[in-house]
Amino acid sequence: MENYLNAFLNAFNGSVQWTWKSIIFEVPWYTNYFWGLIAISLFVWILEILFPWRKDQSIFRRDFWLDAFYMFFNFFMFSIAISGFYKMLEVLFKDVGITAKSLAIIDISAFPMWLQLLVFFIVLDFVQWVTHIMLHRYRILWNFHKVHHSVKEMGFAAHLRYHWMENV
């Protein structure tokens with residue numbers, strides 16, 4: 001049990017430290033997810049201001065700040081909170097002998113890198129498509145997913161609004 005608690009605490013603290021180091025620019029710019037997400041969001045927002053989808057679209061649309069909150073919560077605060085649980089699962093899987101290789105249906109490591117990437121993106125896209133269908137089809141999942149569909153006025157950050165349980 002102590003292994004699981006240590007795994008949780010180490011991962012949680014590591015995530016907090018990584019996020020803080022990102023905020024204060026102590027990580028290389030090309031790995032700084034915190035400021036990278038903000039920079040990309042500002043860039044897309046500026047494009048939205050310069051080339052609005054709707055005439056008379058307001059710069060600060062309805063629920064703009066709510067979407068900003070969801071961005072910070074889902075991408076940073078929740079990631080910190082869940083990192084410990086993911087690490088505990090990793091330790092549990094290791095303890096019972098479950099590895100990535102034991103879960104693999106096929107071994108693509110002998111494929112050329114470009115083909116591995118292609119397979120990865122096709123499988124990822126398929127899994128996300130099926131997941132999205134399930135989020136709409138099953139009431140218990142829809143109750144979480146409808147947060148994403150609660151946007152009244154679309155804007156660049158609307159896709160960042162989703163319930164934290166969708167990450168789980």
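Here is how the numbers come out for the structure above:
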quantity	calculated
Candidate lysines for bridging to K55, where Cα separation is under 21 Å - those fewer than 8 sequence places away on the same chain excluded	K152
Cα-based equivalent ellipsoid of region 2-103: semi-axis lengths in Å, sorted from largest, via gyration tensor	37, 16, 13
Set of aspartates and glutamates with alpha-carbon distance to K101 below 14 Å, sequence-local pairs under 8 removed	E90
Under Karplus coefficients 6.51, -1.76 and 1.60, residue-wise ³J(HN,Hα) of region 140-149 in Hz, glycine/proline x	4, 6, 4, 4, 7, 5, 5, 4, 4, 8
GluC sites (Glu not before Pro) within region 1-107: DSSP coil, no more than 15 neighbouring Cβ in 10 Å	E26
Sparsely packed chymotrypsin sites (Phe, Trp or Tyr not before Pro) within region 1-55, loop by DSSP, other Cβ within 10 Å at most 11	F25, W53
Those aspartates and glutamates that a straight Cα-Cα span of less than 20 Å connects to K94, excepting residues fewer than 8 apart in one chain	E2, D107
Shape call, region 93-151: gyration tensor on alpha carbons, a/c limit 1.5	oblate
FRET efficiency, 1/(1 + (r/R0)^6) with R0 22 Å, evaluated for V16 and V91 via beta carbons	0.70
Two-site label geometry, A81 and I23: point separation in nm, points 7 Å out along Cα→Cβ	1.6 nm
Loop-exposed trypsin sites (Lys or Arg not before Pro) per DSSP, neighbour cap 14 Cβ within 10 angstrom, longest uninterrupted part of the chain	63-145
Difference of contour (0.36 nm per residue) and Cα-Cα distance, V44 to F121	25.3 nm
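All of the numbers you see were taken from the coordinates with simple rules; none came from a lab. Keep in mind the model is a prediction, meaning the values are calculated, not measured. Please note: Cβ atoms are built from the backbone with ideal geometry, for glycine as well, and neighbour counts cover all protein chains shown.
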